[in-house]
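Read the structure below first, then the notes.
Every number in this text was worked out from the coordinates using simple rules, so none of it is lab data. Keep in mind the model is a prediction, meaning the values are calculated, not measured. Using ideal geometry, Cβ is built from the backbone for each residue, glycine included, and neighbour counts are taken over all protein chains shown.
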């Protein structure tokens, strides 16, 4: 039988048909490697696996653990960067007040100073506007992208769509957030202002000290971030991907392209590598000549199994910048920012501050039996993550630095990076997220 000219017959995978008709073996293309099994890395892997690319996720710790302690908020309207105009006036309190919502211990002042100077520089008005545009482009689809993954995995119950609410004691306190709120509203944030009785119709048990609520009706929350990470990981495996517990020591290169990763005891070949190692990412980039000002903002939570108060949605008292989140396992109080590096032990006193924050909002809350957690938020001075291809290293991609928006940004980042690695050229401008912007 002759094959018509221009028609390719089906060949066994890994085989090529030579011009003389003989068969020859082709080395299989190595799997895309994702360094980091937090929720960002897992969402990227999920989208790659859905396309049949069988990704390999390498995670030094427990998969998803880096993000399982977050407040669970899915906040696609949070496009205002942390560094806003006027932040310079707050620096002395960051340095001196150990009970401040953001604190830098004295032992870490010199290490933190270069990052802090970039942070203050990022508060210039034009920088803030650029950051908000970039974050809006990334986050606007977050609710849909989360629903997409969870619907496919039969776990849509993980997302509650009861909105979120910011709490204020008075109009004077609300006025301090005007710049941030105005910026977010320009980028589509929906806000309903509730005063007095209207506030207590939604949250009847909050303290009378809080008289104003800003209700965000189209925001949602995840009621169990640990289960979310497990669901996404199981989906990756179900579709042919692999998650391996191993620490990556270095990214291997040849010429100006990546060739694999070095782990303890083995080298793994790869011609596509995604660096999604959160707060540890900069350490792996530095040997390649890329210095990214990545800092860890250590966040804490206290998980209360039986707080004895009814909370209908994620609440955030504006005077403390914490989140009070109802979850499957109880009530979580999360927040506090401590810039103290990757290696210092947790500061228990920072976690205990959260119980006082809860009591201010719910004076009758029970605080017995709480469990404390501390995790590392990978934060960049301008609040914009590093994401997309690395210009000078063919085959290397980044997806880290989502800061306080790791959970929110994980699903849209996964969708964009999955399409990019699959060669689909997503309609998205990666330039504002480039690692090279800090050069």
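So for 44, 339, fewest C-beta neighbours within 10 Å to most, what's the order? If you can, show how the numbers build up before the last one.
Details: 44 29, 339 23.
Sorted ascending by nearby Cβ count, the order is 339, 44.
With 0.36 nm allotted per residue and the present C-alpha distance subtracted, the residue 266-residue 291 stretch has 6.4 nm of extension available.
In whole percents, the pair-distance distribution calculated for region 53-115 from its alpha-carbon pairs, binned every 10 Å from zero, is 14, 28, 35, 17, 5, 0.
With the cut-off at 20 Å, report for region 352-439 the share of all Cα pairs above it, as a whole percent. If you can, show how the numbers build up before the last one.
Values: 1967 of 3828 pairs.
Value for region 352-439: 51 percent of Cα pairs lie more than 20 Å apart.
With Cα atoms defining each centre, region 129-196 and region 80-127 are spaced 24 Å apart in the structure. Projecting the alpha carbon convex hull of region 239-363 along each direction and taking the average yields 11.7 nm².
Using alpha carbons only, how many degrees (0 to 90, rounded to 10) separate the axis of helix 225-238 from the longest principal axis of the chain? On a 0 to 90 degree scale, this one is about 10.
I need the peptides 369-378, 204-213 ranked by packing, meaning the mean over residues of other C-beta atoms within 10 angstrom, with the highest value on top.
Listed from highest to lowest mean packing, they are 369-378, 204-213.
Relative to the longest principal axis of the Cα atoms of the chain, helix 142-152 runs at roughly 60 degrees.
With an 8 Å cut-off on Cα pairs and a minimum separation of 6 or more residues, tell me the relative contact order of region 271-336 in percent. If you can, show how the numbers build up before the last one.
On the way: 75 pairs, mean separation 17.8, N = 66.
Normalised by residue count, the contact order of region 271-336 is 27 percent.
On a C-alpha basis, how far is the centre of region 278-328 from the centre of region 361-439 in Å? Whole number, if you could? Rounded to whole Å, the Cα centres lie 13 Å apart. In the chain, the longest principal axis of the Cα atoms and the axis of helix 406-421 are about 20 degrees apart.
Would you mind putting 280-290, 103-113, 222-232 in packing order, based on average other-beta-carbon counts within 10 Å, highest first? Walk me through the numbers on the way to the answer.
Details: 280-290: 17.3, 103-113: 14.8, 222-232: 21.6.
Highest mean packing first, the order is 222-232, 280-290, 103-113.
Report the extension gain between residue 198 and residue 99 in nm, rounded to one decimal, defined as 0.36 nm multiplied by the number of residues separating them, less their alpha carbon distance. Walk me through the numbers on the way to the answer.
On the way: separation 99, 0.36 × 99 = 35.64 nm, distance 3.20 nm.
Separation in residues times 0.36 nm, less the Cα-Cα distance, equals 32.4 nm.
In units of the compact-protein estimate 2.2 N^0.38 Å, region 97-192 shows a Cα radius of gyration of 1.47. Taking 37 °C and 0.692 mPa s as conditions, region 140-264 diffuses translationally at an estimated 176 µm²/s according to Stokes-Einstein applied to its Kirkwood radius (Cα pairs).
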